[in-house]
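K.L.:
The structure is given below, and queries will be raised subsequently.
Derivation of every value follows stated rules applied to the coordinates shown; laboratory data play no part. Model, not experiment: these values are computed from the prediction. Counting neighbours? That spans all protein chains shown, and the Cβs are built from the backbone with ideal geometry, glycine included.
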């Protein structure tokens, strides 16, 4: 495979399926059997350079790396010499010279991972970038579907919430498209970027980082037809000057609550990339619902990342 | 034993004595012998979720976990997605799904550990909660007494300082009560909670989290009778709007200084859970005094926590 | 050797040469051979107490410690109980009792390392202190010269930039002096401390922490004669109230840019302790220049620190 995972386009569909099969294999192992993999990457050095706050993805990589015997070093914005004005290019040169074999980068800016990778000798994994890309999240989400035999072109997926700010939405669309699925992007117009304006319209962003999605202004219009409903949190910290949509209106029309849980087909799957904001996009009942796969997504994430690290360093 | 250590009530007296004996065993080992325990919990995952600042307790658990071969992951408030508004319940679900076997939680709110434990599959250890509870500190303090043969009902213990804000005071009282000891809580009325108001009175808080202590407004009145004097720092960061007691008055009446070191019986023990504020509750002479067990408490803490982790995962 | 590395004076020249030879040995090893050293200090505990921001030095020690099998614990100012007002003395007592064998301290105050070391049972390494001392940086810089056969009394070294704030400049001067080299300190008078005032003058600071350097107000006057040019960043975060020198004037007269790269002899070496501020003291062309050893310095730093840790714990 490619040396880096910057976008979904870096992976062939065959490679993705290799990850899926290995992740499934890991999942079947008992804890004691999984521990045998602790020598697989013994002594290889994994850098987690998280320049935006993160718990889930960061700790998931930390656990995945340690499960494979790697030495894991975490650097976050608050403690790093980014305060001394060093650029991303120089960060990459420095960490490369420090001997890291893999770097996972989370960054607020578009193309940060690509820039970093150009100056880093080892492999670079995009750990979430700007509002555009978060490929390991998309991979673990797609695995969660694939494992259930759902990842085929008939699947109807709705991704609902703060689409405009969501790298998860875009990145999931790209990966779903690969398997013939065009997901709904469900949001009020105010939470959609300007190029996704019309209800019912199919957005078709061209190019390598492009994707197709179908816009839906109303969750209630489509919820009954969904096999998968992926809820997203309102990213208020990215929306300077406060949310564009009054939170009450969002809750009224898009919150997954008991009434909407009733409308969602019994065989559907409820997903959420986390962190969740209970009382906003979801209510407590979601977590007790047997269709809820949120914790399973997290669990799958560790195993999927183990597989990814193993293949990057093969 | 119970799956979690949330309060001292989770432990039987027999279990406590098992910890004490094992801690004493660890203490006798040479460094090279202690290293043999590095395979005992190899590959088990320990989460240190410290949502309040801490060095001593956090690093103590980190060392204890690594001494047993655990993979240790630290998450502090500044770097975590708590900034994204995720609740404690969802933190617990996430870290559970990430595969941690044990979580140590430090949190400012009462009952945070219990809430977290309800949603976490592994074992949860209270690493300091609100102004109420800090059971591993109480255990290491009690071990320090037990090791010297002091932990019996005749022991006279004084806990002096910012009682109102001190989880250490309350938690030590609970554990001391278990062994028939009712400690003095020594403080000016302004540093006592409203239900601990009268000098000389025995406070008797009922229930599982309850405790007995005897209030003393004056250190000088009781210092000559004490076998153990445990000093506490003024927790100014918890006292919004500044300390309720002028620091000068506190120093005048409660500081352990050369004059009071003279009054303290020669066979007494001086303790402090740290961090210390030299020049406030203690002066430099305390640290040079042969009765001072402050560093030994820290050393005991690592070994006690090793024992605790071993038993929780047995 | 001495128990601590606080200043260059703690090392004999013979000991320095032992480090150099071992560092060179490490550098020749393939990654798989280097991994054999992972048992050398297995189970020894390394504390990285970084009370000022740092990436390079901190991560370098982290990697070096892990390469030797050490348990590494990092404590930074933001997460530590320094916020609770604990002093450096009490930090040292606490971390000593927690069982660390080596502590690396970075601190803003002069003599912090010495104070810490007086109360710490294990070895202490100065990881950068005030504006005065940073011995492991000086060692890795000197190794970079020694490895090329350059470290002899004929060598002409220029250290250029914010000399006044630079512990690297002072510490490198001390180590270079040991090998008979008196470096140039190249800076405008405003970036020099008051005792380094006159152009052309040899500054001779006496005593153990003393050093000799020759002052040069103009880079252009000396650049043609240099075998080594070490550029320093403007430490704006230390210069309260903003830089004393307008940045434009500094760039005009001291920036290493294409014009000055032309003047620098072809066989010279360009160094920088990092972090770099591109566009200020250096331009992009520096990094593409075959004379640039900046990344190599970083690489050497890990190996030099491995050697140091090994010898401190022998």
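K.L.:
Relative to the other copies, what are the label-point distances for residue C:189, with labels 7 Å from Cα along the C-beta vector, expressed in nm at one decimal and sorted shortest first?
P.N.:
Residue C:189 label point versus its equivalents elsewhere: 6.7, 6.8 nm.
K.L.:
Related question: Taking the 0 to 90 degree range and rounding to the nearest ten, how far is the long axis of helix A:56-67 tilted relative to the main principal axis of chain A, both from C-alpha atoms?
P.N.:
Roughly 40 degrees, rounded to the nearest 10.
K.L.:
Report the equivalent ellipsoid semi-axes for segment C:1-145 in whole Å, largest first, defined as the square roots of five times the eigenvalues of the gyration tensor built from alpha carbon atoms.
P.N.:
26, 18, 14
K.L.:
Okay, next question. Quick one: P(r) of chain B from all Cα-Cα pairs, 10 Å bins, percents rounded to integers, in order of increasing distance.
P.N.:
6, 27, 34, 23, 8, 0
K.L.:
Mind listing the label-point distances from residue A:9 to the same position on all other copies, shortest first, one decimal in nm, points 7 Å along Cα→Cβ?
P.N.:
List, nearest first: 6.1, 6.1 nm.
K.L.:
Let me ask something else about it. Could you give the alpha-carbon Rg of segment C:57-138 over 2.2 N^0.38 Å, rounded to two decimals?
P.N.:
1.06
K.L.:
Related question: If you average the C-alpha positions of segment A:127-163 and of segment C:93-172 separately, how far apart do those two centres end up, in angstrom?
P.N.:
Spelled out, the Cα-based centre of one part sits 49 Å from the other.
K.L.:
Using only Cα atoms, locate the centre of segment C:10-46 and the centre of segment B:194-212, then give the distance between them in Å, rounded to an integer.
P.N.:
59 Å
K.L.:
Copy-to-copy spacing for residue C:38, label 7 Å out on the Cα-to-C-beta vector, in nm, shortest first?
P.N.:
When each copy's label point is compared with this one, the spacings are 1.2, 1.2 nm.
K.L.:
Going by average Cβ density within 10 Å per residue, which order do the peptides B:188-196, B:289-297 take, highest to lowest?
P.N.:
B:289-297, B:188-196
K.L.:
Tilt of helix A:294-312 relative to the longest C-alpha principal axis of chain A, in degrees (0 to 90, nearest 10)?
P.N.:
40 degrees
K.L.:
Restricting to DSSP H runs of at least four residues, report the calculated mean residue ellipticity at 222 nm for the protein assembly as shown, -39500 (n - 2.57) per run over all residues, nearest 500 deg cm²/dmol.
P.N.:
-10500 deg cm²/dmol
K.L.:
Now for a different question. Of all DSSP beta bridges located in the protein assembly as shown, what percent are antiparallel, nearest 5?
P.N.:
DSSP beta bridges in the protein assembly as shown are roughly 15 percent antiparallel.
K.L.:
Still on this structure, I have one more. Principal axes first, then extents: for the Cα atoms of segment A:174-231, list largest minus smallest coordinate on each axis, whole Å, largest first.
P.N.:
That gives 32, 26, 17 Å along the principal axes, largest extent first.
K.L.:
So for segment C:135-293, Kirkwood radius off the Cα pairs, Stokes-Einstein at 37 °C and 0.692 mPa s: how many µm² s⁻¹?
P.N.:
Roughly 211 µm²/s, to the nearest whole number.
K.L.:
What is the distance, in nm, between label points placed 7 Å from the Cα along the Cα-to-Cβ direction at residue A:15 and at residue B:15?
P.N.:
Output for this residue pair reads 5.0 nm.
K.L.:
Modelled label-to-label distance, residue C:111 and residue C:3, 7 Å Cα→beta-carbon offset: nm?
P.N.:
Here the modelled spin labels are 2.0 nm apart.
K.L.:
How big is segment B:1-86 by the Kirkwood estimate over distinct Cα pairs, in Å?
P.N.:
About 15.1 Å, per the Kirkwood formula over Cα pairs.
K.L.:
Quick check: the angle from helix B:13-28's long axis to the longest principal axis of chain B, C-alpha only, nearest 10 degrees?
P.N.:
90 degrees
K.L.:
Now, a different point. Return the equivalent ellipsoid semi-axes of the protein assembly as shown as a descending list in whole Å, where each equals the square root of 5 times an eigenvalue of the C-alpha gyration tensor.
P.N.:
Its equivalent ellipsoid spans semi-axes of 44, 44, 25 Å.
K.L.:
Something else about it: How do B:16, A:251, C:163 line up, fewest other C-beta atoms within 10 Å first?
P.N.:
Result, fewest neighbours first: A:251, B:16, C:163.
K.L.:
With chain C rotated onto chain A, spot the residue of C whose Cβ lies nearest the axis and note the distance in whole Å.
P.N.:
Looking at chain C's Cβ atoms against the axis toward A, the nearest is C:78, 3.
K.L.:
For segment B:135-217, count the residues as N, evaluate 2.2 N^0.38 Å, and divide the Cα radius of gyration by that value, please.
P.N.:
With N residues counted in segment B:135-217, Rg over 2.2 N^0.38 Å equals 1.02.
K.L.:
Can you tell me the order of A:223-232, A:134-143 when each peptide is scored by its average per-residue count of other Cβ atoms within 10 angstrom, highest first?
P.N.:
Listed from highest to lowest mean packing, they are A:134-143, A:223-232.
K.L.:
Taking each residue in B:61-70, count the Cβ atoms of any other chain within 10 Å of its Cβ, then average. What number comes out?
P.N.:
The per-residue average across the peptide is 3.
K.L.:
So what is Rg over Rh here for segment A:80-228, counting just Cα atoms and using Kirkwood for Rh?
P.N.:
1.06
K.L.:
Now for a different question. Shielding of C:208-214 by partners, i.e. mean partner chain Cβ atoms within 10 Å per residue?
P.N.:
Taking the mean over all residues of the peptide, I get 0.
K.L.:
Out of the DSSP beta bridges found with both residues in chain C, what percent are antiparallel (nearest 5)?
P.N.:
Once the DSSP bridges in chain C are tallied, antiparallel ones form about 15 percent.
K.L.:
Suppose R0 equals 56 Å. What FRET efficiency, 1/(1 + (r/R0)^6) with r the Cβ-Cβ distance, do residue B:30 and residue C:217 give to the nearest 0.05?
P.N.:
E(calc), rounded to 0.05, equals 0.40.
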